[in-house]
Amino acid sequence: MSKWKTRLTKLQKLPISKNYTLSKGLSESEICMAEEIYEITFPPELKEMLMMFNPYQLYDWSDFSKTNIEIIKGSLSSPIRGVLFDVERNNFWINS
């Protein structure tokens, strides 16, 4: 078993002791659908983790409802919006 797989197995057991639950892992097709909907590519390690379990308290990548998609898309675009706000309104960009 790889070090990464060993860590994932330990991580999968950890939340149970802290009242933090995990849902079942995603299928390959659900991972592909999420990548397509959100226009992202999960790194191989994250894909492997999401196929073992889904830490849905963070984001439920397996919920393809309109509301959940809007929530995740909003979270993914938040850093970009924050930087653009600072550049446009807070003189974050130095004039050359």
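Derivation of every value follows stated rules applied to the coordinates shown; laboratory data play no part. Everything quoted here is computed from the prediction, not taken from an experiment.
Data table
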quantity	calculated
Potential lengthening between Cys32 and Arg81 on full extension [0.36 nm per residue; Cα-Cα distance subtracted]	15.1 nm
Ser23 long-range amide H proximity, modeled H, under 5 Å	Asn54, Tyr56
Mean shadow area of the stretch 3-89, taken as a quarter of the surface of its Cα convex hull (nm²)	7.3
